[in-house]
Amino acid sequence: MKGEIAFEPEGPVRAGEWSSWRFVYTAKSEVPAGGGIDILFPFSSYYPIASWSIPQTEEPLLEGYTTVESDGEVELEVEALPKEIGRLGMIYHALSVEVRKDLKPGERIVVTYGDRRKGGVGARVCLVAYGTFFAILEAIEDLKNRWRYKEDILKKHSLRYIERNSDHILRVAIVGGEAKGINIAHPKVIRPGEEFRLRLRLLDAFMNEASTPDDLQVRLLVEGRENIFRKVSLKGGYAEVGDIHLDEEGVYRIFCIDGSGKVSGRSEVVVTEDKKFNYFWGEIHPHTEISDGIGTPDEHYRYARDVALLDFGAIADHNYSIEENPGSWEEITKSTKEHDQPGRFVALFGMEVATSTVCNIGDDGHFNVYSHKRFPFLPSNLEGDFDAVLEWIKENELIAVPHHTLYSGMGMDFGRYPKDAFHLFEVFSSHGCSEYYDNPKRIKYQHIGGGRSLCDALRAGFRMGIIASSDYHNELMGGMLKLQEYAQTVHSSYFQFRGGYVCVLAEELTPEGIMDGLRKRRCYATTGDRIVIFFEINGHIMGETIETEDDSLVREVEVEVVGTNRIEKIELIRNCEPVLEHKGKSDHERITFRDESNLREVSIASDEEMFSFYYVRLVQADGEMAWTSPIWIVLKRDGRWK
């Protein structure tokens, strides 16, 4: 750089904090008239919860008011950049300082961001605690022609690309604020007498790791048929509590609360002799700053493991963004390997693929791939066909998962894909739900036309389990902030909800165990709450297939749910139509159903067989939802019917 720039005051800032800061530029060599600097605020109108206040120079009393002072003569303006990027519109803002008279070496430009000297509110730090940055572009000769950002840097939608191509980067660490709640994690389903451990993490108002107090005393109560009382000290905002066991079957509720009664948390644990698998919780679809998200891979994994207290996770950055940032695939896979700690936290390898970048199938669908082993990167190939992509998936034993399939312009036409292409379906993310058209949590910009929903695919014969994740671009892996409770801009309304979680039923917390559960479709989706679901038909659990030649086979259905709020309704879905609706009265509901309908009359016909599928959809009183993976009933041809 021809000058030096500093951010004052130095040191970490708190998420959501309101204050005033200064950008101080000191010239090391002469800056001629017409030159100057630009200070870029990335994603300022696209990801409002992950961005600082949008700067403005017109209204001293309003948010983001910004002024400039200098030893020389300068002018300050705010530019919205660019006016349009494809369909996304304005997503960046830049503070542009133009030098009117030559700025001599040693002279300074001081930009006061969130200037409060006229009684204003200042500016606000973003709500997500991560290592944010401001990008600085010098334009020493001609400020009016400096917009490398417009035509090159911004169109990449990658903070990492911006970082690599800017003149200077000011990194500012954001930390969490004062403790407002407690996140409680533990095995959700245990056997009588089985010892288990609790993990407790203090959270601030925005679901970040709280920075204060450093030591908090709380009371722990396990309430049920057996009551347990403990006093626990959370040092550094974290504690583990072991040697807990419950000897009687039942549902127990776990509470933590501090002495003031203002900081608390709640969770549930199910004790049953019928436990078949452990229930592990994860989030496998966040985006880092390498693609069009925020945060480094390490920041994502640390949040998922240490703050959200998840059991497993994966990063799914876009293939084309990885390609644009040399060395980033190695960075992602290295971080994944380093954070994989079987028994504590499992890190899977993942990547998002836009089909239009890797083959000529003529569809704009997006899908993710996952493995417990590092797999070779899939480069762009606009001339290839999907058969080559499918071969890459099968050769590397990957699981492929389509998502936001109802999105206009980014959805998926399942009629173009072979039935064995996909193992799972991401039914819900921060974008919304793709279960069926015009559902209660519908994607905002929904595709008009059929063949793209979960129900369309299942009825067409795709054998896919059901998961949820986040597709976060504005949060970290497993982020718990409910986006639906915060104001959005016209450009950020793509992201409507808190991201979902996937629960995997597995024997052990290892990469192989989690992948086995996903591959066998022993998994289900929630909108972010850790709701416990048991679902069986004739002794078969979610993800399994019952084969029969008896069209009169009676299907004995058992469903039990332990929610985090009162359960409003449980629906048993057969071939995407409700066959039973149970109105709930509490957070613990159990139903049984005997389906005696003739399989030939209710099944869907294919070339070799007839099939039906059942899954459970539930809604809580607070709007949180869950969907199980289906159980399939396959009626084999036996010569008695055609």
Can you give me the Kirkwood hydrodynamic radius for the chain, using every pair of distinct Cα atoms, in Å to one decimal?
26.4
In nm, to one decimal, how far is the residue 164 label point from the residue 519 one, both placed 7 Å along Cα→Cβ?
3.4
Sequence gap at least 6, Cα distance under 8 Å: using those rules, report the relative contact order of the chain to the nearest whole percent.
9
Inverse of <1/r> over all distinct C-alpha pairs of segment 204-320, i.e. the Kirkwood Rh in Å, gives 16.9
Cα centroid separation - segment 198-220 against segment 369-427, whole Å
40
Give me the extension gain from residue 215 to residue 604: residue separation times 0.36 nm, minus the current Cα-Cα distance, reported in nm with one decimal.
134.1 nm
Charges only on Cβ, +1 for Lys and Arg, -1 for Asp and Glu: so what's the dipole of segment 493-560 about the Cα centre, in debye to the nearest 20?
600
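Suppose R0 equals 45 Å; then what is the FRET efficiency for residue 569 and residue 374 from their Cβ-Cβ distance, rounded to the nearest 0.05?
0.55
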Take residue 306, project a point 7 Å from its Cα along the Cβ direction, then tell me which residues of segment 268-283 have their backbone nitrogen under 20 Å from it.
282-283
Given the Cα atoms of segment 472-534, and with Rh set as the inverse mean 1/r over their pairs in the Kirkwood sense, what is Rg to Rh to two decimals?
1.09
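Using the beta-carbon distance between residue 460 and residue 344 and R0 = 51 Å, what value does 1/(1 + (r/R0)^6) give for FRET efficiency, to the nearest 0.05?
0.80
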Under the Karplus relation 6.51 cos²θ - 1.76 cosθ + 1.60, θ = phi - 60°, what is the ordered set of whole-Hz ³J(HN,Hα) values for segment 533-539, x standing for Gly and Pro?
10, 10, 9, 9, 10, 6, x
Considering only 616, 336, 514, whose Cα is most displaced toward the positive end of the charge dipole of the chain, charges sitting on Cβ of Lys, Arg (+1) and Asp, Glu (-1)?
616
Order these peptides, 426-433, 202-209, 94-101, by their mean beta-carbon neighbour count within 10 angstrom, highest first.
426-433, 202-209, 94-101
Leaving out ligands, DNA and RNA, what percent of the accessible area of segment 449-603 is carbon and sulfur, probe 1.4 Å?
43
Per 0.36 nm of contour for each residue apart, how much would the distance between residue 4 and residue 178 grow if the chain were fully extended, relative to their Cα-Cα spacing?
59.2 nm
Where does each of 223, 8, 589 land when they are ordered by accessible area, with a 1.4 Å probe and the largest first?
223, 8, 589
Overall form of segment 485-642 per C-alpha gyration tensor (a/c, 1.5; a/b vs b/c)
prolate
Charge dipole of the chain built from unit charges on the beta carbon (Lys, Arg +1; Asp, Glu -1), centred at mean Cα; most positive-end Cα among 200, 502, 31 is 200
Three principal axis extents, largest first, for the C-alpha atoms of segment 537-623, in Å?
43, 21, 21
Within 10 Å, count the other beta carbons around each residue, average over each peptide in 503-512, 289-298, and list them highest first.
289-298, 503-512
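Eigenvalues of the Cα gyration tensor times 5, then square-rooted: what semi-axes does that give for segment 335-398, in whole angstrom, largest first?
Working through the eigenvalues yields semi-axes of 27, 11, 9 Å.
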If you roll a 1.4 angstrom probe over the protein chains with everything in place, what fraction of the accessible area of segment 191-304 belongs to carbon and sulfur, to the nearest %?
45
From the C-alpha gyration tensor of segment 508-563, square roots of 5λ in Å:
25, 17, 8
Estimated [θ] at 222 nm from DSSP helical runs (n ≥ 4, -39500 (n - 2.57)) normalised by residues in the chain, nearest 500:
-3000 deg cm²/dmol
Any chance you could look up the accessible area of residue 233 with a 1.4 Å probe, heavy atoms only, rounded to 10 Å²?
40
In a solvent-free Debye calculation with one equal scatterer on each Cα, what is log10 I(q)/I(0) for segment 356-471 at q = 0.11, 0.12, 0.23 Å⁻¹, listed in the order of the q values?
-0.34, -0.40, -1.40
Using a simple charge model, +1 on the beta-carbon of Lys and Arg, -1 on the beta-carbon of Asp and Glu, nothing else, what dipole does segment 402-550 show about its Cα centre, in debye to the nearest 20?
580
Enter the per residue convex hull volume of segment 456-508, computed from alpha-carbon coordinates, in Å³ rounded to the nearest integer.
131
Taking a crude spin-label model, label points 7 Å out from Cα along the C-beta direction, the residue 77 to residue 255 distance in nm is 6.0
Hey, got the dipole for the chain? About the Cα centre, +1 on K and R Cβ, -1 on D and E Cβ, debye to the nearest 20?
960
Spin-label zone in segment 502-519 - amide nitrogen under 11 Å from a point set 7 Å from the Cα of residue 337 along the C-beta vector
none
Please express the Cα-Cα pair-distance distribution P(r) of segment 395-446 as a list of whole percents, one per 5 Å bin, running from 0 to the bin with the greatest distance.
5, 21, 27, 22, 15, 8, 2, 1
Expressed in Å to one decimal, the Kirkwood Rh of segment 414-543 from all distinct alpha-carbon pairs is 16.0
Highest first, please rank the peptides 175-188, 380-393 by the mean number of other Cβ atoms sitting within 10 Å of their residues.
175-188, 380-393
Roughly what would the spin-label model give for residue 592 and residue 22, points 7 Å off Cα along C-beta, in nm?
7.5
Whole-number percent relative contact order across segment 504-611, with pairs defined as alpha carbons under 8 Å at least 6 apart:
21
Give me the accessible area per residue for the chain, probe 1.4 Å, as a whole number in Å².
38
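The values are calculated or read from the model by the stated rules, or taken from the named source; none is laboratory data. Note that the structure is a prediction, hence the values are computed from the model and not measured. Please note: Cβ atoms are built from the backbone with ideal geometry, for glycine as well, and neighbour counts cover all protein chains shown. All accessible areas refer to the heavy atoms of the entire protein, side chains included, with ligands and DNA or RNA removed. Shrake-Rupley method; radii C 1.70, N 1.55, O 1.52, S 1.80 Å.
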